[in-house]
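Single-structure report; data block below.
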Amino acid sequence: MPELPEVETTRRGIQPYVEGRTIIKMVIRHRGFRWPIPDQLEDIIQGQKIKTIERRAKYLLFRCETGTLIIHLGMSGRLRVLDNDSHIGKHDHVDIYIDNGHVVRLTDPRRFGAVLWTEADTGAHQLLAHLGPEPLSDFFNADYLRLQSKGRSSTIKSVIMNGEIVVGVGNIYANEALFLAGIHPAKAAGKVSKVKMAKLVEAIKLVLEKALLAGGTTLKDFRKSDGKPGYFAQQLHVYGREQQPCLICQTPISCIRQAQRATYFCKQCQPK
DNA sequence: ACATTGACCTGGGAGC
DNA sequence: TGCTCCCAGGTCAATG
């Protein structure tokens with residue numbers, strides 16, 4: 001479900017309720033996520049203060065006194081702040097009860113996400129150590145992306161979705177950014193011109209910033225931490241618009257499959 | 001080293 | 001109504 005704007009929207013929604021607060025208890029009803037939720041996590045985390053909540057790539061990091069709780073929402077995960085007596089649904093697998101009468105609840109039907117704990121520096125954690133730069137940081141720029149793409153035969157779409165090159169760009173925003181930059185998604189990364197590459201970097205930053213302003217994209221089940229949808233779906237140019245007219249040139253939007261993911265583009269505006 | 005594919009899991013919608 | 005098939009916002013692990 002969530003790409004960078006949705007994860008960051010979730011972080012901002014939860015932050016005021018949890019920072020500086022103490023965890024009364026954690027309840028885990030299902031441990032079978034991508035990796036099993038660690039044994040005794042409930043005991044480790046009980047009574048700890050949450051110092052800050054940060055985001056790295058699509059990971060949410062709850063900085064506690066003796067370590068960091070790492071949560072990934074996978075494809076269908078959702079974190080909400082609720083009153084601590086809220087009804088518990090079928091896919092409400094993890095609850096973190098806070099000392100202000102609220103509960104942070106993880107709902108995840110598909111359980112592709114993760115709930116992990118580390119006492120080491122998260123930068124050294126196996127899942128985080130090899131991640132590329134944040135797309136909205138200055139480290140992600142045209143020179144950098146050109147260097148990373150040099151000599152690569154893989155498609156430009158797979159390169160911008162590769163978390164070791166740049167994080168946070170998932171299928172929706174990869175499609176949208178390539179459209180805004182006028183680049184065919186199946187173009188070999190190493191063959192994208194210098195000018196187009198600069199356009200692509202700017203397009204990625206722009207689309208992520210605008211999506212963040214809109215509170216993310218709600219296609220089906222993404223909801224902000226307060227339960228309301230994000231509104232960026234209204235601003236999508238190509239994603240999910242197969243056969244509908246291009247908003248620039250009226251050509252019907254094409255849909256192909258790349259690495260088993262739907263890829264939408266305008267064959268007129270994004271020539272190969 | 002790099003590139004592609006399968007796997008994990010559930011729910012919803014299309015088609016019969 | 002109910003069955004089967006395909007699809008879905010991610011990404012690690014295995015394979016070529």
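The values are calculated or read from the model by the stated rules, or taken from the named source; none is laboratory data. Please read all numbers here as calculations on a predicted model, not as lab measurements. As a convention, Cβ positions derive from the backbone with ideal geometry for all residues, glycine included, and neighbour counts pool all protein chains shown. All accessible areas refer to the heavy atoms of the entire protein, side chains included, with ligands and DNA or RNA removed. Shrake-Rupley method; radii C 1.70, N 1.55, O 1.52, S 1.80 Å.
If a residue must be assigned to a loop (DSSP other than H, G, I, E, B), open to solvent by 10 Å² or more (accessible area, probe 1.4 Å) and within 24 Å of residue A:163 (Cα to Cα), how many such residues does the stretch A:48-66 contain?
1
Residues being open to solvent by 60 Å² or more (accessible area, probe 1.4 Å), in contact (Cβ under 8 Å) with a residue 40 or more places away in the chain and assigned to a strand (DSSP E or B): count how many of those fall in the stretch A:81-118.
Looking only at that region, the number is 0.
For the stretch A:31-73, give me each residue that is within 17 Å of residue A:17 (Cα to Cα) and touching a Phe, Trp or Tyr at 6+ places or on another chain (Cβ under 6 Å).
Result: A:50, A:53, A:69.
In the stretch A:244-261, what residues are in contact with an Asp or Glu (Cβ under 8 Å, 6 or more places away or on another chain) and within 16 Å of DNA strand B (Cβ to nearest atom)?
Once the filter is applied, which keeps residues that are in contact with an Asp or Glu (Cβ under 8 Å, 6 or more places away or on another chain) and within 16 Å of DNA strand B (Cβ to nearest atom), the stretch A:244-261 yields only A:255.
Quick one: is residue A:36 closer than 25 Å to residue A:230 by Cβ, open to solvent by 50 Å² or more (accessible area, probe 1.4 Å) and either out of contact with any helix residue (DSSP H, G or I) (no Cβ under 8 Å at 6 or more places or on another chain) or within 16 Å of DNA strand B (Cβ to nearest atom) (or both)?
No, not satisfied.
Quickly run through the stretch A:119-146 and pick out the residues that are surrounded by 11 or more Cβ atoms within 10 Å (Cβ to Cβ) and within 16 Å of DNA strand B (Cβ to nearest atom).
A:127, A:131, A:132, A:144, A:145, A:146
Of all residues in the stretch A:192-226, how many are assigned to a loop (DSSP other than H, G, I, E, B), in contact with a Lys or Arg (Cβ under 8 Å, 6 or more places away or on another chain) and open to solvent by 30 Å² or more (accessible area, probe 1.4 Å)?
The total comes to 3.
Would you check which residues across the stretch A:24-38 are of a type outside the set (A, V, I, L, M) and either modelled with pLDDT under 95 or within 27 Å of residue A:85 (Cβ to Cβ) (or both) and list them?
Once the filter is applied, which keeps residues that are of a type outside the set (A, V, I, L, M) and either modelled with pLDDT under 95 or within 27 Å of residue A:85 (Cβ to Cβ) (or both), the stretch A:24-38 yields A:25, A:29, A:30, A:31, A:32, A:33.
Can you tell me which residue is farthest from DNA strand B (Cβ to nearest atom) among those in the stretch A:147-163 that are open to solvent by 10 Å² or more (accessible area, probe 1.4 Å) and assigned to a helix (DSSP H, G or I)?
So, considering only residues that are open to solvent by 10 Å² or more (accessible area, probe 1.4 Å) and assigned to a helix (DSSP H, G or I), the one farthest from DNA strand B (Cβ to nearest atom) is A:147.
For the stretch A:1-31, which positions are more than 13 Å from DNA strand C (Cβ to nearest atom), open to solvent by less than 10 Å² (accessible area, probe 1.4 Å) and in contact with a Ser or Thr (Cβ under 8 Å, 6 or more places away or on another chain)?
Hit for the stretch A:1-31 is A:14, nothing else.
Condition test on residue A:166, is it closer than 25 Å to residue A:154 by Cβ, open to solvent by 70 Å² or more (accessible area, probe 1.4 Å) and without any contact (Cβ under 8 Å) to a residue 40 or more places away in the chain?
No: the conditions fail for residue A:166.
Considering the stretch A:158-184 alone, what residues qualify as being among the β-branched types (Val, Ile, Thr) and near DNA strand C (Cβ under 9 Å from one of its atoms)?
Residues satisfying the conditions are A:167, A:169, A:172.
Results for (1) at pLDDT below 95; (2) at positive phi; (3) among the aliphatic types (A, V, I, L, M); (4) out of contact with any Ser or Thr (no Cβ under 7 Å at 6 or more places or on another chain), shown as yes or no for each residue.
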residue	(1), (2), (3), (4)
A:63	no, no, no, no
A:113	no, no, no, yes
A:121	yes, no, no, yes
A:140	no, no, no, yes
A:143	no, no, no, yes
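Please work out which one of (1) within 16 Å of DNA strand B (Cβ to nearest atom); (2) under 24 Å from residue A:148 (Cβ atoms); (3) assigned to a loop (DSSP other than H, G, I, E, B) is the condition residue A:271 fails and give its number.
Evaluating residue A:271 over (1) within 16 Å of DNA strand B (Cβ to nearest atom); (2) under 24 Å from residue A:148 (Cβ atoms); (3) assigned to a loop (DSSP other than H, G, I, E, B) leaves (1) as the failure.
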